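So the structure is just underneath, and the comments pick up after that.
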Amino acid sequence: MAFEQRLEAHRVELTGYCYRMLASAAEAEDAVQETFLRAWKNADRFDERKASLRTWLYRIATNVCLDMARSVQRRALAMDLGPSAAPGGFLGAPLGPGAFVQPIPDRLVLPEEGDPAELAAARETIRLAFVAALQTLPPRQRAVLILREVLCWSADEVAGLLGSTPAAVNSALQRARAAVAERRAPGGDVDEALLERYVEAFTSYDVDGLVALLHEDVAMSMPPFAWWLSGRDAVRAALVGAGGDCADDRLVRTAANGSPAFAQYRDGEAFSLVVLEARDGLLATMTTYLDPSLFPMFGLPMTSRPPSRT
């Protein structure tokens, strides 16, 4: 097999690793491309007797991500940036593109096939809340947690990759676990019946029907604004106050961060990407990315109108 093909065989898992490190799909893809470029330039130095190609690539990718993480601000969710707002309140000024954890298509970071239990575990580790929790860790500690807990590397393997010791790796892992455990919210799968009811209520602007699908402590946010709402009553008040703005919008199903997502079209044009997460059979978070530039990455058209005939 050609060297380029051997590199490509690792693209999905490396993209997942870099995404967890950087919390941005675009930056993760850039990191993987830089990893492959460095690997290609140094192919004559690669010795498979000393390390597998996978281990070598992870070492390069880790160095790339550590360099990138040092030069950018920590990405977060709106809930990390301040207290919840009052319904109908001013949204405030949009924050810069590097402020928020960005969504990523499942197809870029999850294998198409595999053991169902392993795939379910992998989905949990790309949820928005988990990725945001990772960003609170120092970059090297973040790498340790991902390599040990997500990818199941041994302490010896991680120590070799980071140029550290197993004792130092285990110490970093304990600190990282404690920090992430305080912030990681429990989640669950969203069943298809719930999604069908959501689409029906959303597109008909049935406020009562939509609110009935929400967890009591649901969180709703709209990046790039730091504004967010907490609780079913607050979301209901906001929906009522919006006056039916979404009544004629169209939703198209996609998948992001191991969760169901929808492309939202308004007046036939790309408007937002909505990522849903559930808990106890109800919707627990609704994150609406008001950024149509995300659509091409998800393979979504910028318009929902049928092509005109000439």
(message) Let me confirm something: among 92, 96, which residue is of a type in the set (Gly, Ala, Ser) and within 26 Å of residue 300 (Cβ to Cβ)?
(response) 96
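Would you say residue 35 is more than 29 Å from residue 290 (Cβ to Cβ) and modelled with pLDDT of 95 or more? Don't jump to the end; show me each part of the working.
Numbers: more than 29 Å from residue 290 (Cβ to Cβ): yes; modelled with pLDDT of 95 or more: yes.
Yes.
Determine if the range 262-275 includes at least one residue that is touching a helix residue (DSSP H, G or I) at 6+ places or on another chain (Cβ under 8 Å), open to solvent by 30 Å² or more (accessible area, probe 1.4 Å) and more than 25 Å from residue 129 (Cα to Cα).
yes
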(message) Within the range 165-191, take every residue that is open to solvent by 90 Å² or more (accessible area, probe 1.4 Å) and touching a strand residue (DSSP E or B) at 6+ places or on another chain (Cβ under 9 Å) and give me the one that is modelled with the highest pLDDT.
(response) 189
(request) Those residues that are in contact with a Gly (Cβ under 9 Å, 6 or more places away or on another chain) and buried (at least 20 other Cβ atoms within 10 Å of the Cβ), I need them from the range 230-257; list them, please. (result) 254
(message) Would you confirm, using the coordinates I've provided, whether residue 126 is in a helix (DSSP H, G or I) and open to solvent by less than 10 Å² (accessible area, probe 1.4 Å)?
(response) no
(request) Taking only the range 8-65 into account, find how many residues are more than 22 Å from residue 135 (Cβ to Cβ) and not in a helix (DSSP H, G or I). (result) 10
(message) Between 180, 218, 190, which is part of a loop (DSSP other than H, G, I, E, B) and β-branched (Val, Ile, Thr)?
(response) 190
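Just to check your reading of the model, which residue among 198, 205 is out of contact with any helix residue (DSSP H, G or I) (no Cβ under 6 Å at 6 or more places or on another chain), crowded, with 16+ Cβ neighbours inside 10 Å, of a type in the set (Ser, Thr, Tyr) and not in a loop (DSSP other than H, G, I, E, B)?
After applying the criteria, what remains is 198.
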(message) Suppose we filter the range 66-96 for residues that are of a type outside the set (A, V, I, L, M, F, W, C), assigned to a loop (DSSP other than H, G, I, E, B) and over 16 Å from residue 19 (Cβ atoms); how many remain?
(response) 11
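The values are calculated or read from the model by the stated rules, or taken from the named source; none is laboratory data. For clarity, every value in this text was computed on a predicted model and none was experimentally measured. As a convention, Cβ positions derive from the backbone with ideal geometry for all residues, glycine included, and neighbour counts pool all protein chains shown. When the accessible area is computed, the model is the full protein with side chains, heavy atoms only, and any ligands, DNA or RNA have been set aside. Shrake-Rupley method; radii C 1.70, N 1.55, O 1.52, S 1.80 Å.
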